[in-house]
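This report refers to the structure that appears directly beneath it.
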């Protein structure tokens, strides 16, 4: 297994027409990290009950108490398929939204795919870990006629049924994270595929439940000979969330997240998993060691 990463400096090189896409090879699959852009969220919300004096050491806040975050989407190529896992924030939102969340370069998703020679029509499956706006916004696009349509016209969009139910029946606690404009056109287009249980999206690659952040939150497990990896989504958004108590305030079931993390860490340490991080601006892939209650990490590069 070989991994390469790109820095902020390399990301900025896209403006000069040079784009370097980081990748890992997991078994027979080429896995590319395509950017959905960058944004910022309130640091207190990102670390829940953990005091700022502790989390600010690993994720320094700006003058609006927001921390830097990436949207590292994943393109899996193999077995004649191109599967996109999550789609960033997208380009549909207004200037006020972009200012609140300091959204930077959301159009990077399609730019990175184009740099790989992949057009929107070439994506066969879009697999959503969950439906918060920073994970699914780029899956739909507003056309010049003002109509919102799926960005990837030939793809099936996979969503866990419990997640779809919660996103389409949001309450006062969840409404700010679930934006109806990101998902309504999926059902209308006939491209939405709801699944009740864990689902294999490629041979040896499975979307599996990682409960806690939401009811229907899931990650992508690679269970291949001599190659085990997990795309953690919001179970482990950054390396700053490795300590077990460092659980997001956004999580609907924080104690469930705590136990899910504990279980995942035990297996990842014992079986030497590669952990792929969706929101860390500086780390895409790590390996962990130690014990579940005191995890150490090594950056894979």
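Name the residue that is nearest to the chain's Cα centre (by Cα), counting only residues in region 38-64 that are part of a loop (DSSP other than H, G, I, E, B) and under 22 Å from residue 106 (Cα atoms).
59
Being surrounded by fewer than 16 Cβ atoms within 10 Å (Cβ to Cβ), within 15 Å of residue 136 (Cα to Cα) and touching a strand residue (DSSP E or B) at 6+ places or on another chain (Cβ under 9 Å) is the filter here; which residues of region 182-192 pass it?
Passing the criteria: only 184.
Quick check on region 268-282. Is at least one of its residues over 18 Å from the mean Cα position of the chain (by Cα) and within 28 Å of residue 150 (Cβ to Cβ)?
Within region 268-282, not a single residue is over 18 Å from the mean Cα position of the chain (by Cα) and within 28 Å of residue 150 (Cβ to Cβ).
Which strands (runs of 3 or more DSSP E) sit wholly inside region 177-260 and have at least 3 residues that are within 22 Å of residue 76 (Cβ to Cβ) and free of Cβ contacts under 8 Å to residues at least 60 places away in the same chain?
192-195, 205-209
If the requirement is being out of contact with any strand residue (DSSP E or B) (no Cβ under 8 Å at 6 or more places or on another chain), over 19 Å from residue 134 (Cα atoms) and either in a loop (DSSP other than H, G, I, E, B) or modelled with pLDDT of 90 or more (or both), which of these qualifies: 24, 19?
Within the list 24, 19, the selection yields 19.
Conditions (1) in contact with a helix residue (DSSP H, G or I) (Cβ under 9 Å, 6 or more places away or on another chain); (2) in contact (Cβ under 8 Å) with a residue 12 or more places away in the chain; (3) surrounded by 15 or more Cβ atoms within 10 Å (Cβ to Cβ), marked per residue:
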| position | (1), (2), (3) |
| --- | --- |
| 42 | no, yes, yes |
| 46 | yes, yes, yes |
| 77 | no, yes, yes |
| 88 | yes, yes, yes |
| 98 | no, no, yes |
| 134 | no, yes, yes |
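Given the conditions (1) within 16 Å of residue 41 (Cα to Cα); (2) in contact with a strand residue (DSSP E or B) (Cβ under 7 Å, 6 or more places away or on another chain), report the number of the one that residue 248 does not fulfil.
All conditions are met except number (2).
Given the condition in contact with a helix residue (DSSP H, G or I) (Cβ under 6 Å, 6 or more places away or on another chain), more than 16 Å from residue 295 (Cβ to Cβ) and modelled with pLDDT of 95 or more, answer yes or no: does some residue in region 252-269 qualify?
Within region 252-269, none of the residues are in contact with a helix residue (DSSP H, G or I) (Cβ under 6 Å, 6 or more places away or on another chain), more than 16 Å from residue 295 (Cβ to Cβ) and modelled with pLDDT of 95 or more.
List, please: which pairs have Cβ atoms under 6 Å, are six or more places apart or on different chains, and start with a residue in region 283-301 that is loosely packed, with under 12 Cβ neighbours inside 10 Å and end with one that is in a strand (DSSP E or B)?
298/287
In region 100-115, what residues are more than 16 Å from residue 38 (Cβ to Cβ) and crowded, with 17+ Cβ neighbours inside 10 Å?
113, 115
The values are calculated or read from the model by the stated rules, or taken from the named source; none is laboratory data. Source: prediction; values computed, not measured. Don't worry about glycine lacking a Cβ; one is built from the backbone with ideal geometry, like all the others, and counts go over all protein chains shown.
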